[in-house]
1. Of the conditions (1) in contact with a Leu (Cβ under 8 Å, 6 or more places away or on another chain); (2) under 18 Å from GLU209 (Cβ atoms), SER380 fails just one. Which one is it?
2. Can you tell me which residue is farthest from GLY351 (Cα to Cα) among those in the stretch 183-201 that are in contact (Cβ under 8 Å) with a residue 60 or more places away in the chain and of a type in the set (A, V, I, L, M)?
3. Of the residues ALA229, ALA263, which is over 18 Å from GLY395 (Cβ atoms) and not polar (S, T, N, Q)?
4. Being crowded, with 24+ Cβ neighbours inside 10 Å, in contact (Cβ under 8 Å) with a residue 24 or more places away in the chain and among the hydroxyl-bearing types (Ser, Thr, Tyr), is that true of even one residue in the stretch 321-341?
5. Just one of ALA300, ALA307 is more than 17 Å from ALA370 (Cα to Cα) and surrounded by 24 or more Cβ atoms within 10 Å (Cβ to Cβ); which is it?
6. Only one of THR267, THR279, THR310, THR303 is in the same structural domain as LEU488 (by the TED database), β-branched (Val, Ile, Thr) and under 30 Å from VAL200 (Cβ atoms); which?
7. Please pick out the residue among ASP38, ASP12 that is touching a residue at least 12 places away in the same chain (Cβ under 8 Å) and either within 21 Å of ALA196 (Cβ to Cβ) or buried (at least 24 other Cβ atoms within 10 Å of the Cβ) (or both).
8. What are the residues in the stretch 164-192 that are touching an Asp or Glu at 6+ places or on another chain (Cβ under 6 Å) and surrounded by fewer than 24 Cβ atoms within 10 Å (Cβ to Cβ), if any?
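The values are calculated or read from the model by the stated rules, or taken from the named source; none is laboratory data. This one's a predicted model, so the numbers in the text were calculated from it and none came from an experiment. Counting neighbours? That spans all protein chains shown, and the Cβs are built from the backbone with ideal geometry, glycine included.
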Amino acid sequence: MCGIVGAVAQRDIAEILVEGLRRLEYRGYDSAGVAIVDQDNNLQRIRSLGKVKELAAAVDTEQPIGGTGIAHTRWATHGEPSQVNAHPHVSGDIAVVHNGIIENHEALRELLQQRGYVFQSQTDTEVIAHLVEWELRSTDSLLDAVQKTAAQLDGAYGTVVLNRLEPGKLIVARSGSPIVIGLGVGENFLASDQLALLSVTRRFMYLEEGDVAEVTRRDVSVFDINGNAVTREITESNAEHDAGDKGKYRHFMQKEIFEQPVALTNTMEGRLSANSVITQSIGVNAAEILPKVEHVQIIACGTSYNAGMTARYWFESLAGVSCDVEIASEFRYRKFVTRPNSLLITLSQSGETADTLAALRLAKEKGYMAAMTVCNVAGSSLVRESDFAFMTRAGTEIGVASTKAFTTQLSALLMLVTALGKEKKVISADTEAEIVTALHALPAQIETSLSFDKEIEALATDFADKHHTLFLGRGEFYPIAMEAALKLKEISYIHAEAYAAGELKHGPLALVDADMPVVVIAPTNELLEKLKSNIEEVRARGGLLYVFADADAGFVASEGMKIITMPHVSEITAPIFYTLPMQLLSYHVALIKGTDVDQPRNLAKAVTVE
């Protein structure tokens with residue numbers, strides 16, 4: 001969602017702030033702004049509607065100078081996208097940027113209006129600015145004013161406050177929305193994602209839940225939720241400096257699709273021997289926890305939910321452990337029963353997904369044996385708050401529509417399932433070796449699947465005038481069909497649905513005609529003959545079929561049915577393999593439709609609000 005960048009330095013920081021916002025464009029936003037204090041303590045605020053490039057043009061024109069400033073990209077939650085609703089928001093000498101949602105903003109707004117404050121925007125953020133300004137009237141400490149303000153806020157926030165009369169200082173507060181502090185030499189920075197700061201530092205400090213910090217050029221002082229001074233660990237980032245560069249690719253999504261062979265290799269590195277999964281690599285205490293697991297509860301959202309749905313088949317068929325998968329926003333609001341010796345697994349690319357994080361915190365109160373996360377971002381909230389974490393190592397993913405995060409989650413989950421089955425003595429050494437061999441072969445097979453790019457690009461032209469698409473799969477390929485439908489709707493804006501192919505006669509057949517493409521995932525497995533019968537049901541009703549089929553499946557192209565013949569791969573890793581052509585299909589259809597592939601409308605990369 002929204003992005004934050006801040007800096008306290010001796011040099012002019014306007015370019016640093018704007019560049020930081022550029023690196024956060026992947027999060028999704030509708031407006032942007034900066035506020036910088038100059039040497040005469042004047043606050044220079046510039047805001048614009050639209051892309052960061054609009055703000056950059058305004059900054060180039062007005063040329064604000066100064067070494068203390070904050071910047072923000074906003075994704076509308078309260079009030080329409082507009083310049084007046086864009087951050088930073090100002091009250092007197094105070095300027096504020098904020099990520100998250102203040103749930104009691106209406107009551108606070110009414111209180112502040114009674115005190116004489118006049119609101120200029122419809123945002124919940126403006127109440128923070130006015131509250132800080134009010135509290136500063138009774139103290140000469142900006143830190144104290146922000147701490148008193150934070151105590152009055154309900155909801156999620158990552159917020160940064162500056163006072164134009166105190167240049168060289170920023171106060172940052174974190175509750176439910178991530179903030180990282182970047183440490184320099186004689187200068188310090190902060191942001192909602194370390195990616196924003198990789199051009200200026202590689203040393204980072206992550207704030208914990210409830211922390212408030214005072215950041216100056218030379219010092220960072222952190223205080224916990226009780227106001228006690230605390231020390232937070234400083235880490236050295238090894239994230240790629242060029243993650244924000246598309247290189248030879250047209251879009252980040254395209255780049256990230258083609259990065260998957262390397263990403264999968266990185267996910268598996270150090271976790272597989274020639275014939276086995278190294279249990280200790282799954283996470284701290286995994287060897288002690290896994291043998292005791294009798295049930296798995298997976299919680300996730302969006303693409304991660306589809307990964308969990310796929311893994312459910314593996315947990316039960318391979319490891320012999322029952323598994324439930326639930327959407328985090330539903331799980332957190334229902335009364336549930338915790339099964340004995342249950343392992344809770346959260347899935348998230350960012351590690352900051354608000355609903356998943358809230359569900360984790362709730363579940364930890366309900367007696368789960370242990371909480372594990374499969375995540376791509378070290379230092380994220382899910383990683384810090386789980387008992388152990390299995391990092392996917394996908395590398396930075398900027399395209400809003402997730403690609404390599406999904407396939408690396410699947411490979412990580414398959415390794416986890418294998419380790420679980422081994423530790424519970426359900427998976428034999430021969431079966432483990434078979435799985436590991438399939439995983440070792442996967443990166444090269446994925447490379448092969450990418451060679452179908454041109455064929456799929458040509459196929460995509462058939463979708464140019466279509467408004468609906470149906471995806472079909474059976475067994476563990478049903479959630480792969482779900483993910484394929486999600487990708488197509490996310491980036492091409494074509495309405496797409498996925499169905500378990502056996503459900504066709506229970507409703508979806510009513511939709512089938514020559515105007516609705518039906519995409520079928522058809523590997524060679526025990527359900528192939530059943531799937532062929534489902535395909536005939538579509539053909540009999542004049543449906544237009546696109547079948548992505550295993551070379552050994554025996555399909556022959558005919559009128560109304562195009563066959564995309566895929567090489568034979570192991571049945572174990574086939575769900576991961578067949579994801580790639582689905583991603584390529586969505587990408588090329590979106591190109592034809594002329595949509596914004598990397599930043600589809602109304603969506604954001606990291607959903608850090610409910």
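1. Looking at each condition in turn, SER380 falls short on (1).
2. Here the residue is VAL200.
3. ALA229 is the lone residue from the list that is over 18 Å from GLY395 (Cβ atoms) and not polar (S, T, N, Q).
4. No; the residues of the stretch 321-341 include none that is crowded, with 24+ Cβ neighbours inside 10 Å, in contact (Cβ under 8 Å) with a residue 24 or more places away in the chain and among the hydroxyl-bearing types (Ser, Thr, Tyr).
5. Only one candidate qualifies: ALA307.
6. After ruling out the rest, the residue left standing is THR267.
7. The conditions single out ASP12.
8. As a first pass, look at the stretch 164-192 and keep what is touching an Asp or Glu at 6+ places or on another chain (Cβ under 6 Å): 164-165, 171, 174, 178.
Listed by number, the residues that qualify are ARG164, LEU165.
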